[in-house]
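Notes to accompany the following structure.
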Amino acid sequence: MNSAAPLAGIFRTSDQLVPLILDGLSDADARRRVRGNEGPSIVWHLGHLLAHRAAALTRLGVEADNPWQAFQEPASDGADYPSVAEMRAAWQALSQRLHAALSEASAGQLAGSLPGPHGEQTVLDRLAFDAFHEGYHLGSIATIQKAFGYATPPEKIVAAMATGR
């Protein structure tokens, strides 16, 4: 087990939540903005996380295109944002690559110097921030979903447990 294994577990938890977030979500609602139509949409949050996952791959020495970089900017009206189906496919593809890279990362690679804006000093530190960052944004998405009348991932999990699924 390498020292990235606990973080890989956290990323896998995100991988379990994202399909629950996207299940039943319409493209129109995915693009709806919050805070008086000035805040981010669910799709913006997901694009932002995809941008960070692509960056995590590059931190691990894996070449990765990052078409999601625009999601680092403040949210727009969402008219040109990808569909829910495209986001789901992109998440799955990046997740496979991220988990492969994490499982192959050496201790020396993870200990490599990579100072970051939140006090990070190593590649492993930056990956730990990325894992926390995903949790933060997934919580924000659940709040948006609830406001739009959707069941949140925890509610879906509890319902599935109650029916034995």
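Looking for something open to solvent by 50 Å² or more (accessible area, probe 1.4 Å) and modelled with pLDDT under 95 - is there at least one such residue anywhere in segment 38-53? Checked segment 38-53: at least one residue is open to solvent by 50 Å² or more (accessible area, probe 1.4 Å) and modelled with pLDDT under 95. If you go through segment 109-155 and keep only what is among the acidic types (Asp, Glu) and assigned to a helix (DSSP H, G or I), you end up with Asp125, Asp130, Glu134, Glu155. If you go through segment 126-165 and pick out every residue that is polar (S, T, N, Q) and free of Cβ contacts under 8 Å to residues at least 60 places away in the same chain, you end up with 3. Looking across segment 71-92, the residues that are of a type in the set (A, V, I, L, M) and touching a residue at least 40 places away in the same chain (Cβ under 8 Å) come down to Ala75, Ala79, Val84, Met87, Ala90.
When Val62 is tested against (1) out of contact with any Lys or Arg (no Cβ under 9 Å at 6 or more places or on another chain); (2) not in a helix (DSSP H, G or I), exactly one condition is not met: (1). Identify, from the list Gly164, Gly108, Gly116, Gly135, the residue that is on the phi > 0 side of the Ramachandran plot and not β-branched (Val, Ile, Thr). Gly164 is the lone residue from the list that is on the phi > 0 side of the Ramachandran plot and not β-branched (Val, Ile, Thr). If the condition is being within 14 Å of the chain's Cα centre (by Cα) and touching a residue at least 60 places away in the same chain (Cβ under 8 Å), then segment 93-125 contributes Ser95, Leu98, His99. Answer yes or no as to whether Ala101 is within 25 Å of Asp27 (Cβ to Cβ) and either out of contact with any Phe, Trp or Tyr (no Cβ under 8 Å at 6 or more places or on another chain) or outside any loop (DSSP other than H, G, I, E, B) (or both). Taking the combined requirement at face value, the residue does not satisfy it. Looking across segment 1-36 at every residue that is without any contact (Cβ under 8 Å) to a residue 12 or more places away in the chain and over 22 Å from Asp130 (Cα atoms), the one that is most open to solvent (accessible area, probe 1.4 Å) is identified as Arg35. Looking only at segment 39-57, decide whether some residue is in contact with a helix residue (DSSP H, G or I) (Cβ under 7 Å, 6 or more places away or on another chain) and more than 19 Å from Asp130 (Cα to Cα). Yes; the residues of segment 39-57 include at least one that is in contact with a helix residue (DSSP H, G or I) (Cβ under 7 Å, 6 or more places away or on another chain) and more than 19 Å from Asp130 (Cα to Cα).
The values are calculated or read from the model by the stated rules, or taken from the named source; none is laboratory data. Being a predicted model, the structure only gives us computed values, none of them experimental. Note that we place each Cβ from the backbone using ideal geometry, even for glycine, and neighbour counts take in every protein chain shown. In case anyone asks, the SASA skips ligands and DNA or RNA and just uses the protein heavy atoms, side chains included. Shrake-Rupley method; radii C 1.70, N 1.55, O 1.52, S 1.80 Å.
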